[in-house]
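Everything on this sheet refers to the single structure shown next.
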Amino acid sequence: MKSIADTTTLHNGVGMPWLGLGVYKAEDGTEVKQAIAAALNVGYRSIDTAAFYDNEKGVGEAVREAGIPRDEIFVTTKVWNDDHGRAQTLRAFERSMELLGLEYLDLYLIHWPVPGQFLETWRALEELYRAGRVRAIGVSNFHVHHLQAVLENCEVKPMVNQVEYHPLLTQKPLLTYCQAHNIQLEAWSPLGRGRILTDPVVTAVAAKYDRTPAQILLRWDLQHGVVTIPKSVKAQRIAENAQIFDFALEQVDMDAIDGLNRDQRFGPDPDNFV
Ligand code: NAD
């Protein structure tokens, strides 16, 4: 992890950038397009959207208009909760692809583990994967027990699990489980939606390395082997969040940040979201 171009290799051999741009709540059209252009300009090569974010059209336009070969950009989208089930999921995928205007997708995720439905939805993702429509498939907001259910029933193992992950919610057992099964963990809300940036431990570490708190939090993800997708629509912050490949946190500082864990979520618990 020495450069923004570095990737983690998913268990099917596909390379996924360690850093991506999250675009939740970025408005479709100019806002999301400008954010992506700013990100690609400073070297980001991964964009995380979802059908639910209502900005796939702008994401697709930004990717297609970037002047960068398609195979150098990693695009993720997700199937939303009311589109579970085989037929619905296949339809939702086509709708996303139409909005994105792309020939293939890099990563398709089940956004949340809708009880009683996610196993059938997973089989639809396997179909899309086998048909070559998507280079990798995965899940989001899956606890260990959700993953166990998938692993017991699947033909293709999920390549990624995207979950809320930051120093207040370190989810050690989940990270250990994912690593043991070769499922890449990916952090959403890596900055705690901005609310961890003023934590005194984080600001002290930031001062020690002469970095910003956001850079410290994102570097901490990388050193835990976790892919990270901070969100911003401001060019300056997008650039700041990418300056995390030219320094390393010492173990003592990793430990201090790990010590902030309170099992505290800013988003819903995957066992209780419907
Ligand atoms: P985040 O932790 O990335 O925080 C984003 C907020 O932090 C921004 O709105 C901005 O206010 C602030 N910020 C960003 N960079 C900053 C900087 N350098 N300095 C100061 N403030 C800064 O929160 P998020 O948007 O919730 O998560 C990131 C991405 O994860 C989303 O955009 C989305 O793509 C994904 N996500 C996925 C799920 C899921 O269920 N799978 C849920 C939430 C988010």
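The values are calculated or read from the model by the stated rules, or taken from the named source; none is laboratory data. Quick caveat, the model's predicted, so the values are computed rather than measured. Methodologically, a virtual Cβ is constructed for each residue, glycine included, from the backbone with ideal geometry; neighbour enumeration extends over all protein chains shown. With ligands, DNA and RNA removed, areas are computed over all heavy atoms of the protein, side chains included. Shrake-Rupley method; radii C 1.70, N 1.55, O 1.52, S 1.80 Å.
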* Asked: Of all residues in region 167-212, which are open to solvent by 40 Å² or more (accessible area, probe 1.4 Å) and closer than 15 Å to Thr228 by Cα?
  -> Arg193
* In region 106-120, what count of residues is obtained for those that are touching a helix residue (DSSP H, G or I) at 6+ places or on another chain (Cβ under 7 Å) and under 28 Å from Arg45 (Cβ atoms)? -> 4
* Asked: Out of all the residues in region 251-269, which are out of contact with any helix residue (DSSP H, G or I) (no Cβ under 7 Å at 6 or more places or on another chain) and either within 30 Å of Gly116 (Cβ to Cβ) or surrounded by 12 or more Cβ atoms within 10 Å (Cβ to Cβ) (or both)?
  -> Asp258, Asn261, Asp263, Gln264, Arg265, Gly267, Pro268, Asp269
* Could you check, for region 8-25, whether at least one of its residues is under 14 Å from Glu72 (Cβ atoms), β-branched (Val, Ile, Thr) and within 16 Å of the ligand (Cβ to nearest atom)? => no
* Just give me the residues in region 37-93 being in contact with a Pro (Cβ under 6 Å, 6 or more places away or on another chain), of a type in the set (A, V, I, L, M, F, W, C) and over 24 Å from Thr121 (Cα atoms), in sequence order. => none
* With the checklist (1) farther than 30 Å from Asp253 by Cβ; (2) open to solvent by less than 20 Å² (accessible area, probe 1.4 Å) in hand, flag the one item Tyr129 doesn't pass. => (2)
* Can you tell me how many residues in region 243-261 are part of a loop (DSSP other than H, G, I, E, B) and more than 18 Å from Leu174 (Cα to Cα)? -> 8
* Asked: If Ala136 passes every condition in (1) open to solvent by less than 30 Å² (accessible area, probe 1.4 Å); (2) of a type in the set (Gly, Ala, Ser); (3) within 29 Å of Arg64 (Cα to Cα); (4) without any contact (Cβ under 8 Å) to a residue 40 or more places away in the chain but one, which one does it miss?
  -> (4)
* Out of all the residues in region 202-225, which are assigned to a loop (DSSP other than H, G, I, E, B) and in contact with an Asp or Glu (Cβ under 7 Å, 6 or more places away or on another chain)? -> Thr212
* Asked: Restricted to region 187-209, and to residues that are more than 25 Å from Met16 (Cβ to Cβ) and of a type in the set (S, T, N, Q), which residue is farthest from the ligand (Cβ to nearest atom)?
  -> Thr203
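The rows are residues; the columns are (1) closer than 14 Å to Val32 by Cα; (2) charged (D, E, K, R).
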site: Ala50; (1), (2): yes, no
site: Asp54; (1), (2): yes, yes
site: Ala66; (1), (2): yes, no
site: Arg70; (1), (2): no, yes
site: Thr77; (1), (2): no, no
site: Arg91; (1), (2): no, yes
site: Arg95; (1), (2): no, yes
* Scope region 159-196; condition farther than 18 Å from Ile110 by Cα and under 15 Å from the mean Cα position of the chain (by Cα); matching residues -> His166, Leu175, Pro190, Leu191, Gly192, Arg193
* Asked: For region 146-166, which residues satisfy the criterion of being assigned to a helix (DSSP H, G or I) and either open to solvent by 40 Å² or more (accessible area, probe 1.4 Å) or of a type in the set (S, T, N, Q) (or both)?
  -> Gln148, Leu151, Glu152, Asn153
* **Output for region 213-241, where each listed residue is within 16 Å of the chain's Cα centre (by Cα), within 16 Å of the ligand (Cβ to nearest atom) and either surrounded by fewer than 19 Cβ atoms within 10 Å (Cβ to Cβ) or at positive phi (or both)** => His224
